[in-house]
Amino acid sequence: MKGFDMMNKQLKAVIFDLDGVITDTAEYHFIAWKQLAEELGITFDRTFNEQLKGVSRMESLERILALGGQTERYTAAEKEALAHKKNEHYKQLIARMTPNDLLPGILDLLRELKRENVKIGLASASKNAFTVIERLQIGEYFDTIVDAAKIKHSKPHPEIFLTAAKQLQVDPSACVGVEDAQAGVAAIQAANMFAIGVGDKEALKEADYIVETTAELTYDAIVRAFYRE
Ligand code: BG6
Ligand code: MG
């Protein structure tokens, strides 16, 4: 049965996370949250930041407030205002982005996937994803971009990856998901897709295949990893 499955296994789509995979906006989210947290008297480091990656704006705020023991201090409206403030700072940071901010190898990979007729999707939790894609001038490569505003469950829930696969009309088992976040890798696996982690090997150890940088994320590497499983 296993052999039969393997023979039928076919890579039909690659579904990308955005922040920290296609471009280094994970760093901008970190900078913007850190500034807000410091204004609230809360400090956090990069290890804690791993838990914020891939997580929605409000959920990130809740985690930061919980870290500082401030969950009960603010009303829902005040929390909205805090999240808005972080987002205004973040928007200033992304406003300066250009196609030069694509991470190494990503443009070549998008081109090669197109040449090989592999579909390309975006599954980012960010409501700023459309703006970032526009700044990077890579919209033409995507067969689908999931609208984060329509997603109910944050990663590690598989909803966003399953939505991307559905929009691409590809079975999840024929999809590879690419993520820099622990929550994202878990979401891909919960969607029954092959999970590639980009970044720290220890932080992403649950992934099916890990590369330390996007420069290693070539079409050949993806194909080899996918069919080896
Ligand atoms: C994810 C990021 O892609 O999007 C998170 O990894 C971020 O750090 C989330 O909180 C939501 O982004 P935004 O732009 O809607 O605040
Ligand atoms: Mg990410």
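Values as computed for the structure displayed
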quantity: Volume per residue of the C-alpha convex hull in the chain, rounded to whole Å³; calculated: 119
quantity: Dipole of the chain, positive direction: furthest Cα of V118, P104, V55, with charges on the beta-carbon; calculated: V118
quantity: Accessible-area ranking of Y28, Y90, largest first, probe 1.4 Å; calculated: Y28, Y90
quantity: Proximal lysines relative to K85, as straight alpha-carbon distance under 30 Å, when same-chain residues fewer than 8 apart are discounted; calculated: K34, K53, K127, K150, K152, K155
quantity: Most positive-pole-ward Cα, H84, T144, A95, against dipole of the chain from beta carbon charges; calculated: T144
quantity: Fraction of beta bridges assigned by DSSP in the chain that are antiparallel (%, nearest 5); calculated: 5
quantity: Relative contact order (%) - criterion: Cα under 8 Å, at least six apart; region: the chain; calculated: 27
quantity: For region 173-229, alpha-carbon Rg relative to the globular expectation (2.2 N^0.38 Å, N residues); calculated: 0.99
quantity: Cα pair distances of region 26-94 binned at 5 Å [whole percent]; calculated: 3, 18, 33, 29, 14, 3, 0
quantity: For the chain, accessible area per residue (1.4 Å probe, heavy atoms of protein chains only), Å²; calculated: 50
quantity: Computed [θ] at 222 nm, helices only, for the chain once each DSSP H run of length n ≥ 4 contributes -39500 (n - 2.57); calculated: -13500 deg cm²/dmol
quantity: Sparsely packed trypsin sites (Lys or Arg not before Pro) within region 142-172, loop by DSSP, other Cβ within 10 Å at most 14; calculated: K152
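The values are calculated or read from the model by the stated rules, or taken from the named source; none is laboratory data. In this text, all values refer to a predicted model and were calculated from it rather than measured experimentally. Here the Cβ is made from the backbone with ideal geometry for all residues, glycine too, and neighbour counts use every protein chain on show. Note: areas computed on protein heavy atoms with side chains; ligands, DNA, RNA excluded. Shrake-Rupley method; radii C 1.70, N 1.55, O 1.52, S 1.80 Å.
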